[in-house]
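Nothing in this text is a laboratory measurement; each read-out follows from the coordinates by a stated rule. What you see is a predicted model; the values in this text were computed from it and never measured. Neighbour counts run over all protein chains shown; Cβ positions are idealised from the backbone, glycine included.
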Amino acid sequence: MKHYNYKSSAIRRLRVAGGQIKGLEKMVEQDKYCIDIIHQSLAVKKALSSFEDFILENHLSAHVVKQIKSGKSKKAIDEILSIYRLSKRK
């Protein structure tokens, strides 16, 4: 994956999530129906989760491969375990 394409895709995904958050804020300001607000909030979570998956996939395919090839597999494993442990706390 080319760096430029990766970066523009990551930014696009964040802008989508940001737009969803602004929409959520507007819904609260306008006293929209609670269930509709929750639906929008779940959409925000899904967008952020998709962003995290995208970043992790890039990390695994680019950085982890480099780390392993350069003899830094312990660092790669520790980083992935760290993210895994954080994700379990959700």
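Residue count for region 69-82 satisfying the condition of being of a type outside the set (Lys, Arg) and surrounded by 14 or more Cβ atoms within 10 Å (Cβ to Cβ): 3.
Residues checked against (1) surrounded by 14 or more Cβ atoms within 10 Å (Cβ to Cβ); (2) over 25 Å from residue 86 (Cα atoms):
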residue: 7; (1), (2): no, no
residue: 28; (1), (2): no, yes
residue: 43; (1), (2): yes, no
residue: 52; (1), (2): no, no
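Residues in region 1-42 that are farther than 19 Å from residue 55 by Cα and touching a residue at least 12 places away in the same chain (Cβ under 8 Å): 8 in all.
Restricting attention to region 54-68, the residues being loosely packed, with under 13 Cβ neighbours inside 10 Å and either over 23 Å from residue 17 (Cβ atoms) or aromatic (Phe, Trp, Tyr) (or both) number 2. Looking at the chain, the helices (runs of 4 or more DSSP H) lying wholly inside it that each contain 1 or more residues that are among the hydroxyl-bearing types (Ser, Thr, Tyr) sit at 3-29, 34-58, 73-88.
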